[in-house]
Amino acid sequence: MDASNLFATFTVWSWNLQGIYFLSTLYLHLNNQPSSIIIQTTAILFEVCFAVAMLVTIVVTFILIPVGMKRGQNVQGMFKPQSLIMHNLNMIFMVMELIWNQIQIDLTHLPFVILYGLTYVVFAWIYANIRGYFFYFFLNYNQPRAILMHSVLVFALSLFYVFAYLVTLGFNPEDNPLAFPLLIIGTLLICRFRVPNIKPDSAKH
């Protein structure tokens with residue numbers, strides 16, 4: 001995959017968004033009197049980054065890798081250092097940020113994560129028209145169930161945002177002494193660092 005393709009994936013988009021978030025937090029730390037707009041924008045960036053990172057890590061761990069292995073596909077590439085970093089460290093960074101800064105997700109900001117998802121969908125359409133292919137089959141607007149698949153994507157993003165809200169609500173280290181170990185354990189459970197022992201469907205016959 002060349003560099004232009006790499007930067008078109010949803011995972012890299014999530015990393016770019018995290019980069020913008022951390023630059024924004026750096027600005028807040030260096031500026032004694034930041035504007036309220038920057039403060040609010042930084043909070044929203046964290047909320048979207050947390051939900052998107054959770055989506056990426058969980059989908060890779062519990063859907064892409066197991067399904068690929070059951071279909072007999074070679075998933076070894078998912079366990080190379082670069083791939084492990086891309087699909088696991090994003091979630092680890094966001095959890096550590098939650099623990100360090102005691103951030104609480106605001107449920108009224110849900111439309112922002114939906115807007116982020118829709119922005120990527122439009123980008124994927126434009127990219128496909130230029131390059132001639134979609135990275136993700138469910139973003140292909142030519143398929144018979146395109147409306148359904150796009151609706152599922154928006155619902156999934158919303159669901160992960162609500163889940164992220166519940167995580168920050170129930171596992172805030174400032175209010176719950178068990179939050180720190182539980183967050184660490186939960187994060188490690190949704191990350192995948194080794195190839196699971198899953199036999200392809202063909203091997204069962």
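The values are calculated or read from the model by the stated rules, or taken from the named source; none is laboratory data. The shown structure was predicted, so the numbers you read here are calculated from the model rather than taken from an experiment. Methodologically, a virtual Cβ is constructed for each residue, glycine included, from the backbone with ideal geometry; neighbour enumeration extends over all protein chains shown. Calculation scope for accessible area: heavy atoms of the full protein, side chains included, ligands and nucleic acids excluded. Shrake-Rupley method; radii C 1.70, N 1.55, O 1.52, S 1.80 Å.
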Exercise. Under 15 Å from a point 7 Å along the Cα-to-Cβ line of ASN16: which residues of segment 126-170 have their amide N that close?
Worked result: 126-128, 135
For this session: Report the FRET efficiency, 1/(1 + (r/R0)^6), for GLN102 and PHE79, where r is their Cβ-Cβ distance and R0 is 45 Å, rounded to 0.05.
Result: 0.85
For this session: Using the Cα centre as the reference, give the magnitude of the dipole from point charges on the C-beta atoms of the chain (Lys, Arg: +1; Asp, Glu: -1; all else neutral), rounded to the nearest 20 debye.
Result: 960 debye
Exercise. By how many degrees, 0 to 90 and rounded to 10, does the Cα axis of helix 110-131 deviate from the longest principal axis of the chain?
Worked result: 40 degrees
Problem set entry | Integer Hz, Karplus 6.51/-1.76/1.60 couplings in order for segment 51-67, x for Gly and Pro | 5, 5, 4, 5, 4, 4, 5, 5, 5, 5, 5, 9, 10, 5, 5, x, 5
Problem set entry | FRET efficiency, ASN197 to LEU89 (Cβ-Cβ, R0 22 Å, nearest 0.05) | 0.35
Exercise. How large is the accessible surface per residue of the chain, computed with a 1.4 Å probe and reported in Å² as a whole number?
Worked result: 59 Å²
For this session: Pop out the carbon and sulfur fraction of the accessible area of the chain as a percent, whole number, probe 1.4 Å.
Result: 69 percent
Exercise. Using 7 Å Cα-to-Cβ label points, what is the PHE134/VAL152 separation (nm, one decimal)?
Worked result: 1.1 nm
Problem set entry | Ordering of 70-83, 23-36 by burial proxy (mean other Cβ atoms within 10 Å per residue, highest first) | 70-83, 23-36
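Hey, what does the equivalent ellipsoid look like for segment 1-134, semi-axes from the Cα gyration tensor as sqrt of 5 times each eigenvalue, largest first, whole Å?
Numbers: eigenvalues 172, 67, 39 Å².
Working through the eigenvalues yields semi-axes of 29, 18, 14 Å.
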Exercise. Taking only the alpha carbons of segment 74-205, what extent do you get along each of the three principal axes, in Å, biggest first?
Worked result: 50, 43, 29
Exercise. Could you state the number of Å between the C-alpha centres of segment 1-56 and segment 129-160?
Worked result: 23 Å
Exercise. What angle, in degrees between 0 and 90 and rounded to the nearest 10, separates the Cα long axis of helix 146-170 from the longest principal axis of the Cα atoms of the chain?
Worked result: 40 degrees
Seminar exercise, completed: Karplus ³J(HN,Hα) for segment 18-32 (6.51 cos²θ - 1.76 cosθ + 1.60, θ = phi - 60°; Hz, whole; x = Gly/Pro) runs 5, x, 5, 4, 5, 5, 5, 5, 4, 4, 5, 5, 8, 9, 6
